[in-house]
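Heads up: the structure comes next, in structure tokens.
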Amino acid sequence: MRRDCDPGRRPLCWAVMDRAPAVKVPDPVRRAVRRRLLPWFAENARDLPWRRRRTPYRVWVAEIMLQQTRADQALPYYRRFLRRFPSMKSLAVAPLDDVLKMWEGLGYYRRARNLHRAARMVRERPGGRFPDTLEGIRALPGVGAYTAAAVASLAFNLDAAVVDGNVRRVVCRLLGRTLTARELEAASERLLVRGRAGEYNEAVMELGALVCTPAAPACDACPMRSACAAYRSGDPHTLPEKARRGKKPHRKVAAGVVFNGRGEVLIAQRNPDDMLGGLWEFPGGCIESGETAAEALTRELREELGMEVCSEGLLITVRHAYSHFSIEMEVHLASRVNRAPPRPLQCAAARWVPVDRLRGYAFSRADLQVIEALECRQAPVSGEGTTAAGSR
DNA sequence: AATTCGTGGAT
DNA sequence: TATCCAAGAAT
């Protein structure tokens, strides 16, 4: 592709260029970044914990946590995470289950697993030191182009420009059209204030988060207004053009709270590379066509855990939306029909746990609803004939 | 290159 | 209620 592109000549079509497509970035825009945006940021930057004491470790954890996650959602997680794992070493030596527990409810759990793995990789480096080059940072698991540039600029003051959702929106509006990913890289590189890359990166993202928002940008409060092509055009909210997504499929799922007669319930750990990998769950699975929830439950526990169980009735129906599909989960109380112990045939592990110890394990949001239902079902009843385990 | 990864707030 | 989409990465 790149063979016949002489960089010294202007190609007829930018699309054939592999690198550095020429994006016209007007001087007034570049000037406005230095004269307006950076002062605005100095004045209006939120006081966020990861902006204090910018060690590579603290910056890196924040950037992983902030992937596809708003600052206000990440905030309480960041505080707890740094309290529990204040250093690279404390994270590296911790069990993965502890890391996932700290991540519980935040989503995209692969981030937590990669974070843990990367911490152990950093410990193996010479001196156990965090990589201090763009390529070295990029090589850590869970670190892509964005995060590498963010850590490089914020923790090491390297001249690397980030492109995230904010940058995309802000730059497309400044230039008045929807840019391709490659054009965005080139444009952000041109806009970057050399020697102040971290400040520039955060300023653009802060503007996107606080002022240049997707639906209703607050142009009246925008320091870049005079240099913004989309503002002049009159309808800045229409940029960048968005590709519409398809509808999410809906699945019906069955899950079981299986009691063993000693007040303990069965939980299973999901395989590391699956969705919600490493999290614990109440075992179950998809309801096939023509199947009842109770039948699906019996089948799934036979397949996943080699157990024979029988539904004792509905506990709760949980509706939940994941990133790319939604579920309606019928959660049944269930009991064993024999003494066969659970074997982790299609999961990572299985364990009997007292209900009041469930909170020590990491679950997804959907299963946390189940735990709530279990807890408020147990507490008030106390004396009466216990559970569906029904000793017999 | 298009999918697959969570969750919650805004609209 | 339904849809969008956020400091993206991995495959």
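The values are calculated or read from the model by the stated rules, or taken from the named source; none is laboratory data. Treat the numbers as computed from the prediction; the structure is a model and nothing was measured. A quick note on method: Cβ atoms are made from the backbone with ideal geometry, for glycine too, and the neighbour counts reach across all protein chains shown. Surface accessibility is based on the protein's heavy atoms, side chains included, excluding ligands, DNA and RNA. Shrake-Rupley method; radii C 1.70, N 1.55, O 1.52, S 1.80 Å.
Going residue by residue through the range A:189-206, is there one that turns out to be in the same structural domain as A:Ala45 (by TED's automatic domain parsing), within 11 Å of DNA strand C (Cβ to nearest atom) and under 24 Å from A:Ala22 (Cβ atoms)? Yes: one or more hits.
The residues of the range A:293-321 that are open to solvent by 30 Å² or more (accessible area, probe 1.4 Å), closer than 30 Å to A:Gln68 by Cα and either in contact with a helix residue (DSSP H, G or I) (Cβ under 6 Å, 6 or more places away or on another chain) or outside the structural domain of A:Val265 (by TED's automatic domain parsing) (or both) amount to a single one, A:His320. Filtering A:Arg196, A:Arg177, A:Arg182, A:Arg190 for residues that are in contact (Cβ under 8 Å) with a residue 60 or more places away in the chain, within 16 Å of DNA strand B (Cβ to nearest atom) and open to solvent by 10 Å² or more (accessible area, probe 1.4 Å) leaves a single hit, A:Arg182. Number of residues in the range A:348-360 that are assigned to a strand (DSSP E or B) and either of a type in the set (Asp, Glu) or open to solvent by 50 Å² or more (accessible area, probe 1.4 Å) (or both) equals 2.
Which of the helices (runs of 4 or more DSSP H) contained wholly in the range A:47-149 include at least 2 residues that are more than 16 Å from DNA strand C (Cβ to nearest atom) and charged (D, E, K, R)? Even if it seems obvious, please write down each step before you answer.
Working: elements: A:56-65, A:71-84, A:88-93, A:96-103, A:110-123, A:134-138.
Filter on the range A:47-149 gives A:71-84, A:96-103.
Screening A:Phe85 with (1) open to solvent by 10 Å² or more (accessible area, probe 1.4 Å); (2) free of Cβ contacts under 8 Å to residues at least 40 places away in the same chain gives one miss only, at (1). Evaluation of A:Arg30 against the conditions (1) within 14 Å of the chain's Cα centre (by Cα); (2) assigned to a helix (DSSP H, G or I) shows that the sole unmet condition is (1).
In the range A:235-259, what residues are in a loop (DSSP other than H, G, I, E, B) and surrounded by 18 or more Cβ atoms within 10 Å (Cβ to Cβ)? Within the range A:235-259, A:Leu239, A:Pro240 meet the criteria. Evaluation of A:Ala152 against the conditions (1) in contact with a Phe, Trp or Tyr (Cβ under 9 Å, 6 or more places away or on another chain); (2) part of a helix (DSSP H, G or I); (3) away from DNA strand B (no atom under 16 Å from the Cβ) shows that the sole unmet condition is (1).
Looking across the range A:322-347 at every residue that is open to solvent by 30 Å² or more (accessible area, probe 1.4 Å) and within 16 Å of DNA strand C (Cβ to nearest atom), the one that is nearest to A:Gly256 (Cα to Cα) is identified as A:Glu328.
Could you run through the range A:206-234 and say how many residues are open to solvent by 20 Å² or more (accessible area, probe 1.4 Å) and more than 16 Å from DNA strand B (Cβ to nearest atom)?
Here the count works out to 8.
Note on the range A:186-223: residues that are under 26 Å from the mean Cα position of the chain (by Cα), among the hydrophobic types (A, V, I, L, M, F, W, C), over 18 Å from A:Val59 (Cβ atoms) and in a helix (DSSP H, G or I) amount to 2.
From the list A:Arg299, A:Arg319, which one is of a type in the set (D, E, K, R), more than 16 Å from DNA strand C (Cβ to nearest atom) and either modelled with pLDDT of 95 or more or not in a loop (DSSP other than H, G, I, E, B) (or both)?
Values: A:Arg319 fails: more than 16 Å from DNA strand C (Cβ to nearest atom).
When all the criteria are applied, what remains is A:Arg299.
Here the condition is being outside the structural domain of A:His116 (by TED's automatic domain parsing) and at positive phi; of A:Gly360, A:Gly277, A:Gly256, A:Gly284, it holds for A:Gly284 alone. Each residue in the range A:281-292 was checked for being open to solvent by less than 10 Å² (accessible area, probe 1.4 Å) and either hydroxyl-bearing (Ser, Thr, Tyr) or in contact with a Lys or Arg (Cβ under 8 Å, 6 or more places away or on another chain) (or both), and 0 pass.
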